[in-house]
Every structure is written in structure tokens, then in C-alpha cells.
Amino acid sequence: MKAKSGLKYGYVLFGAALGLFGLDSIAVQAAGQITFVSQGGAYQQAQTVAILDPSAKKLGITINQDSIPDAWPAIKTQVGSGKPIWDVVDTPTGYCLRGGEQGLIEKLDFSKIPNAAAMPEAYRTPYSASYEFYSSVLAYSQKTFPQNAPNSWADFWDVKKFPGRRALRNHPIATLEAALMADGVAPDKLYPLDVDRAFRKLEEIKPHITVWWTSGAQSAQLLNDGEVDMVMAWNGRVSAVAKEGAKVNFTYNQGILQSTSLCILKGAPNLDTAVKFLNEAIDPVHQANLPLHIDYGPGNPKAFETGVIKPERAAQLPSEPTNAAKQALMSYAWWSSPQGEAAEKRWAAFMQK
Amino acid sequence: MLALVSPALLVILLLIVVPVGWLAWQSIYHDGFTLEHYHRILTEDVYWRSFALTFEISLLVTVLALLLGYPVAYAANAVPRGWSVVILALVVLPFWTSVLVRAYAWLALLQRTGVINQFLRYLDVIGEPLALVHNTLGTVVATVHILLPFMVLPLYATMQKIPNDLMQAGASLGANPAQAFFRIFLPLSLPGVLAGCTMVFVLCLGFYITPELLGGGRTVMVSMLVSRNVELYNQFGAASAVAVVLLVSVLLIFVIVSRFVSLDRVLGQK
């Protein structure tokens with residue numbers, strides 16, 4: 001299976017190489033295929049079983065896979081070159097939106113994507129549809145807090161009541177939201193973010209932050225190694241180390257619900273097939289199969305109505321309606337706005353002071 | 001002669017001159033000529049602070065690498081040939097291990113529940129674990145370790161060429177070993193010192209993975225600004241400009257150093 005898709009990928013690369021020399025007709029002759037890109041690892045493996053293979057079978061197309069941890073620079077380069085190789089990309093929703101606004105991502109015609117048209121509006125943008133959900137949650141060591149564990153961002157900020165070492169992500173996205181919730185803003189009243197207020201609140205906790213983490217693996221490792229006692233981390237990372245026996249836990253309370261979405265590169269080589277695939281990939285049943293293989297929630301909320309996800313499993317997922325209600329839904333539209341971009345640029349100055 | 005080297009020149013042209021030229025071009029051209037990226041670097045504190053920190057860390061790393069590397073090179077030079085091979089092998093061996101692996105190894109050693117802290121607590125030397133990593137200290141320790149071979153090897157090469165007779169002549173004229181070392185050996189080894197320091201300093205300026213993994217997010221070096229700018233700005237030019245400024249600083253350092261020592265000695269075998 002792996003070798004086969006490797007071969008196909010090799011064929012695409014070969015085709016692309018020929019395309020570079022002006023023989024692009026050879027590259028596009030194989031109809032009914034697309035190149036799909038996600039972030040690799042266990043996550044892409046889970047999608048292959050739950051979504052990609054079944055979709056390929058149902059549509060009778062070939063799905064060539066590629067993976068990259070951060071697709072954004074590659075999207076810019078590929079579209080900038082005028083000859084993108086990729087068709088559909090699974091990437092944080094903010095990049096789909098920003099890419100769309102910069103002319104790097106195709107605008108979607110939702111009349112051709114009924115599965116997306118049926119989703120609540122907050123789950124799509126003009127350029128993308130939610131593919132899966134994860135959450136930035138408050139996680140803690142059960143060794144340090146066997147009971148009375150911190151349960152809100154106000155607790156995280158309360159260094160007297162909850163003494164211990166802390167870590168946050170070295171990135172403003174979700175971190176500013178947490179700061180505002182710690183300062184008393186309700187999860188559903190966050191946007192537009194009061195950036196000044198958020199940074200003021202962050203200055204307060206800054207001396208107590210031991211590590212500003214950069215990779216998801218690092219965040220869980222810090223907790224597992226006893227380097228910190230509480231951390232903002234992605235739910236899937238925490239549950240993964242918990243499954244391996246680490247004494248760690250987390251709460252969905254005031255988590256920041258984030259998503260990756262599917263979007264199509266501007267000028268994608270197989271645009272029509274890509275649109276068909278996008279619709280198929282967010283089909284409720286395929287989507288319901290995803291959390292059977294990995295700790296992420298389906299991007300299409302209708303997946304919870306299919307009966308595929310057992311109630312006890314659903315209760316563990318970030319986008320399950322009861323869990324979702326406890327959390328703040330991230331506004332990628334705000335983060336892509338000029339204010340959002342300005343907040344992102346301000347982060348480096350905050351870190352260096 | 002030209003015909004013989006022309007394939008090599010072509011490779012250099014394709015793999016170095018063209019990409020670097022493209023990099024520089026992007027930093028000043030995007031839908032028209034623009035200096036906005038350079039203007040930003042000159043006016044925003046973020047850049048100034050990172051460049052200052054990067055030079056500070058590089059200087060510290062260079063000094064530490066020299067203090068650690070000189071005695072090692074000296075020993076490798078002074079002992080019989082068999083032993084010097086062993087010493088050099090020990091210096092070069094970690095060099096074959098990935099930088100990433102070594103960074104994680106240092107994490108395992110330095111962190112709160114790491115080997116060093118646990119050992120010190122076992123001995124009751126400290127009550128609370130020391131903050132050895134996730135800060136500038138951790139970054140410097142690991143960087144020194146990674147760059148040490150670049151200090152030791154040029155030093156050793158230079159010391160090899162210092163004739164032993166000179167020290168003996170000094171001794172026969174009444175110099176004690178310390179005098180002989182400071183008045184004969186040390187000055188003669190200075191070109192090696194300069195070569196090693198330049199290599200370590202320049203390589204350290206571009207370090208990325210080590211500060212990223214061991215700096216705890218606070219140690220923002222220039223290379224990290226390059227990657228951050230790719231994410232933050234819509235144009236690669238924003239990142240290219242930072243890279244160009246760093247490249248120019250490195251070239252300036254080479255120009256200054258070349259006034260004191262032949263560049264062949266820094267970069268090559270002579």
C-alpha cells in the first residue's frame with residue numbers, strides 16, 4: 001500500500017518534471033487523480049484509513065499523497081511559480097482564508113459541495129470547509145494536582161492558589177484568547193480580541209512561564225517529564241501521552257476549539273476532481289470514521305448523527321456538541337484581519353522583552 | 001585551465017550564485033523596487049534585539065569554545081601520534097551525530113528531571129532543581145558542544161606546524177615551560193586561534209535548531225526571525241532581507257579577519 005502510493009507519487013513528480021519542460025500534456029493525461037497534502041505522521045495515517053482510501057474507492061479516483069508539517073510557505077511557492085503540483089491541502093483554517101484573500105486558494109462553489117453547504121456557517125469560509133477539530137486545552141500533571149486541579153484560564157493565571165511551573169505556546173493564536181478568558185471575558189464574547197488587554201494579562205503571567213513551547217510533541221513531553229506542572233497544549237497530544245501511562249489530564253473547559261480545513265490551490269492541476277474529492281472527504285460517515293483512529297474530532301458536525309461514533313467515544317472529542325459548548329470557537333476571520341496580523345507581529349516583541 | 005574548471009564554476013554558479021542572488025533580489029523587489037523590508041529591520045526593535053543577542057551568544061560561545069578547545073588541541077599536539085588520533089577521534093565523533101539528536105541529548109541531561117539535576121539532588125548539593133535549560137544557558141552549552149570541533153581542528157593544524165625545536169631552543173636559553181609557552185608557542189598558534197574563532201563565531205550566527213529547542217522560546221536568534229518572517233509576511237522578501245543582513249555581517253567579519261590572517265588558513269588546509 002505504502003509502496004504503491006510512493007510509486008504514484010513518483011509518477012506525479014516525474015510528470016511535474018516533464019511539465020517543467022513544457023510537456024505538461026503528459027502530466028495531466030491520467031484523468032481522475034489528485035494530489036492531497038496533509039501533515040503526515042499518525043494523523044495522515046488515520047485519514048488514509050478513515051477518509052482517503054474510502055473516498056478514492058467511491059469516486060473511482062487515485063489519491064496521491066504528500067505531507068508537510070507547515071504547508072503555507074509551499075503553497076505560496078507553488079502557486080507563485082504558476083504551476084502548482086498539489087490539488088487539495090489540509091491546513092489550519094487561517095491559512096486557507098489568508099491564502100484565499102491573497103489569491104493563492106480557489107474560491108469554492110458550494111453548490112458543487114453539498115456536504116459543505118449543509119454544515120453550519122461557522123464551519124466554513126468562502127475558500128474552505130472544516131476537516132477536523134482539535135482544541136488548545138489546559139492540561140496538568142496529576143502528580144502535582146491529584147485533586148482540585150486547575151479548571152479554567154483564571155486558575156492557570158492564579159499562581160498563589162495553583163503553585164507550579166507553567167508553559168504556554170510560543171505563538172499568539174489561542175494564547176491571546178486564553179489570556180482574555182483568564183481576565184474574565186466570556187468564551188463566546190472574545191472577538192474582536194482586545195489585543196492590548198490580552199498582552200497586559202500575558203505580562204502578568206510571563207515571569208511564571210518556564211517554557212514557551214514551539215512543537216506539539218514538546219508541549220506534551222514537558223508535562224510528561226515533570227518539567228512543568230500545567231501547560232496549554234493540544235488535546236490529542238495530551239491524550240496520547242496519557243495513553244502511554246503518563247499521569248496527566250486536561251479539561252475542555254475554556255478550551256480554544258481550532259480546526260484544519262480542506263482548500264484547493266489556485267490553478268490546481270485537477271480542479272474538477274479536487275472539488276469532487278473535497279465534497280466526499282467531508283461526508284458525515286467518512287468524517288465519523290476519523291475519530292475511531294485518532295483523537296481528533298470530525299470537521300463535519302453531522303458525523304455525530306451517523307451512529308458510527310459511540311457516545312463514550314464522542315464524549316472524548318473536542319467537537320462533540322457538549323464539549324464544544326464549553327469552549328471558545330476560534331475566529332480565523334479575525335486572525336486573518338489586519339488586527340489579527342498586527343497582533344501576530346506584536347508577539348515577537350513581547351517575547352523578547 | 002579555464003576549460004578544466006568550468007564544470008566546477010558552473011556548479012558554483014547554479015548552486016550558490018544564482019540562489020543567493022535570487023534571495024537578495026527578492027528582498028528588494030516585489031511588484032516593483034522596494035526597501036520596505038530593510039526599513040523594517042532598521043526601525044523595529046525586534047530585529048535590533050535579535051541581532052544583538054545573536055552576536056552576544058556567538059561571542060560567548062566562541063570564547064568558551066576557545067577556552068575548552070585550546071587545551072584539547074594542545075594535548076592532541078603534544079602527545080605521541082597514537083594518542084593524538086584518539087583525542088581527535090573523540091572530538092570529531094559527536095560531529096557525525098545529527099544536531100537534532102545532540103540537542104535532545106542535552107535536553108535529557110539539563111532539564112529539571114534530567115541527569116545533572118537528579119545527580120546534584122542525590123548528592124544533596126541543591127534542594128531545588130537548577131534552571132539549566134529552556135534559557136540562554138542551555139542554548140550556549142549545547143552550541144559550544146556542537147561547534148567545538150570547528151575550534152579544535154584548525155588549532156591542531158596550526159600547532160602541528162610549530163617546530164618543536166623552537167620550544168627546546170627557548171628552554172636552552174633559560175625560559176621555564178610557562179615562559180616558553182606564552183612567549184613562543186602561544187603567539188605562533190594565534191593564526192589557528194583566529195581561524196577557529198572565526199569559524200565558530202560565523203557558524204553560531206546562523207544557529208537555528210539549538211536555540212529553538214533549548215532556548216525555551218526566549219532566546220530569539222536571527223535565524224528564528226527568518227523563519228518567523230516567512231510565516232508573518234506575505235512575501236519571502238521579508239525573510240530574505242534578514243538573511244541578507246546576516247550574510248553581509250558575515251562577509252564583513254571575513255573581510256576584517258582577512259586583514260590579519262590569510263583566508264586560506266580559516267577555510268582550508270594550508
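Every number in this text was worked out from the coordinates using simple rules, so none of it is lab data. This is a predicted model, so every value here is computed, not measured. We place every Cβ from the backbone using ideal geometry, glycine too, and count neighbours over all the protein chains shown.
Using Cβ contacts closer than 10 Å as the measure, can you line up B:Tyr70, B:Tyr122, A:Tyr296 from fewest to most?
B:Tyr122, B:Tyr70, A:Tyr296
Any idea how far the Cα center of the range A:49-79 sits from the one of the range A:169-204, in Å?
Taking the Cα centre of each part, the range A:49-79 and the range A:169-204 sit 34 Å apart.
Can you compute the charge dipole magnitude of the protein assembly as shown about its Cα centre, using +1 on each Lys and Arg Cβ and -1 on each Asp and Glu Cβ, nothing else charged? Give it in debye, rounded to the nearest 20.
So the dipole magnitude of the protein assembly as shown works out to roughly 1080 debye.
Treating the protein assembly as shown as a set of equal point scatterers at the Cα positions, no solvent, please give the Debye-formula log₁₀ I(q)/I(0) at q = 0.08, 0.10, 0.11 Å⁻¹.
Normalising to I(0) and taking log10 leaves -0.71, -1.05, -1.21.
Going by how many other beta carbons lie within 10 Å of each one, how would you line up B:Thr34, A:Thr144, fewest first?
With the sparsest Cβ surroundings first, the list reads B:Thr34, A:Thr144.
Tell me what the protein assembly as shown gives for mean residue ellipticity at 222 nm when only DSSP H runs of n ≥ 4 count, each as -39,500 (n - 2.57), the sum divided by the residue total, rounded to 500 deg cm²/dmol.
Rounded to the nearest 500, it is -16500 deg cm²/dmol.
Kindly work out what percent of the DSSP beta bridges joining two residues of the protein assembly as shown are antiparallel, to the nearest 5.
Of those bridges, close to 65 percent are antiparallel.
Rounded, prolate or oblate for chain A? Axes are the square roots of the Cα gyration tensor eigenvalues, ordered a ≥ b ≥ c, and the cut-off for rounded is a/c under 1.5.
Cα axes put chain A in the prolate bin.
Every cysteine in the protein assembly as shown with no other Cys Cβ under 4.7 Å from its Cβ, please list them in numeric order.
B:Cys197, B:Cys204
Most mobile of B:Gln235, B:Gln168, B:Gln160 per a Gaussian network model of chain B (Cα springs, under 10 Å)?
Between B:Gln235, B:Gln168, B:Gln160, it is B:Gln168 that shows the largest mean-square fluctuation.
How long, wide and thick is chain B, going by the Cα atoms along their three principal axes, in whole angstroms, largest first?
Principal extents (Cα only, largest first): 73, 67, 32 Å.
Quick one: which of A:Lys143/A:Lys326; A:Lys143/A:Lys189; A:Lys243/A:Lys276; A:Lys112/A:Lys326 span more than 27 angstrom between C-alpha atoms?
Beyond 27 Å: A:Lys143/A:Lys189; A:Lys243/A:Lys276; A:Lys112/A:Lys326.
Taking neighbour Cβ counts within 10 Å as the exposure measure, how do A:Cys263, B:Cys197, B:Cys204 sort from fewest upward?
B:Cys197, B:Cys204, A:Cys263
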